[in-house]
Amino acid sequence: HSCLVLQRDEDGSSVRGALSFDPTPDAQVLYKAMKGLGELTLSITILDISCLILLHSVFTSHHCLFPGTDEQAIIDVLTKRSNAQRQQIARSFKEQFGKDLIASLKSELSGKFERLIVALMYSPFKYDAKELHDSLKGLGTSEGVIIEILASRTKVQIKEIIKAYKEGKAAFATLCVMGALCLNPSSVRSMPQMSMGAVTDVFQSQALYAAGEKIRGTDEIQFITILCTRSATHLLRVFDEYQKLASKSLEDSIRSETHGSLEDAMLAIVKCTRNIHNYFAERLYHALKGAGTCDGTLIRVIVSRSEIDLNLIKAEFLKIAGKSLSTMILEDTSGDYKTALLNLCGSDK
């Protein structure tokens, strides 16, 4: 039922799912795509060594590989179904073959392609919870992932993410409670509007100005309180009033008065409030530009926004990069990974 909470921008989704959908044949296609390698391995174990040598020479002389996973079949099914449809396919797969689909995919695939395909199989809230968990485990913390998710999800979505996180890690729970209580003004479409007049706008712009510019040092709590507890509509008016009062943008003040992760988090909230599509376009652009590709960000943004607003993000991306998202993916990725990403991105038209 998670799809009931997600809100889609009109004409923004690049993945809409199959119109005539039946999970049973899709599950069968996936099973067939993954079962060849296992069956061949079993049969080889009962061959004597001479037969194995003969078999190898036949395959080699015809320039063939042993049959294995049909990646294209997996791509054709999973990138052309909605997340809700994928959940039905997973249930059908379990019912028909007694196997967990995610575990089967992990055992057959590898690398970035595996990471992308497995990401598609999680429900949206479980996927966000997994990404947050992964960002906190091991050495160091991936603050960028935490900021991206908590600054761009609605309060309702963050509450669902908390429910999806079953392990109960204290640090994660604290982080998400903060998010549920504070973040995110950016998706106010699904939140009650706050009825505050121009007087309140001016008052709070003055409070921000006093917190960051007028006094020595920065009152970070004042910044956080206002940025994280007001609706997007209200904040946009506050930003305008702040510009008049300080003769510079709130973003400039944040950059001059804060630093590190706090600066990144505040800027992310302001960017998501002003234009969430532009925020994600920037994330994708920085993931793709220069030497190397930040595949984690690329996969997370495309998977999480493909059924919401990826087409609108693509339009902003074109303005930033001067070329389409699909073009940069073609330039920076390869193989089945590239094919799956391009399917999820959809047409450039």
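Which of the peptides 314-322, 244-252 is most tightly packed, and how do the rest follow, going by the mean number of other Cβ atoms within 10 Å of each residue? Provide the component values of the computation, followed by the final result.
Details: 314-322: 16.8, 244-252: 14.7.
Order by mean packing, descending: 314-322, 244-252.
The lysines within cross-link reach of Lys319, meaning a Cα-to-Cα straight distance under 21 Å and a gap of 8 or more places when in the same chain, are Lys271, Lys289, Lys349. For Asp100, no residue has an amide H sitting under 5 Å from its own, ignoring neighbours fewer than 5 places away on the same chain, with H placed 1.01 Å from N.
Remark: spin-label model distance Lys99-Ser334 equals 2.9 nm, labels positioned 7 Å along the Cα→Cβ axis.
What is the gain in length, in nm to one decimal, between Ala18 and Asn275 on full extension, counting 0.36 nm per residue of separation less the C-alpha to C-alpha distance? Don't jump to the answer; show the numbers that get you there.
On the way: separation 257, 0.36 × 257 = 92.52 nm, distance 3.01 nm.
Contour length minus Cα-Cα distance gives 89.5 nm.
Extending 7 Å from Cα along the Cβ direction at Tyr285 and again at Lys137 yields two label points whose distance is 3.4 nm.
Charging the Cβ of each Asp and Glu at -1 and of each Lys and Arg at +1, and nothing else, the dipole of the range 218-349 about its Cα centre rounds to 380 debye. For the range 232-248 versus the range 321-341, the inter-centroid distance based on Cα atoms is 38 Å. Pairwise alpha-carbon distances in the range 228-349 exceed 18 Å for 58% of all pairs. Modelled label positions at Ala315 and Lys130, each set 7 Å beyond Cα in the direction of Cβ, lie 3.1 nm from each other.
Taken together, the values in this text are just the output of simple stated rules run on the coordinates, not laboratory data. Since the model is a prediction, treat every value here as computed from it, not as a measurement. Every residue, glycine among them, receives a Cβ derived from its backbone with ideal geometry; neighbour counts consider all protein chains shown.
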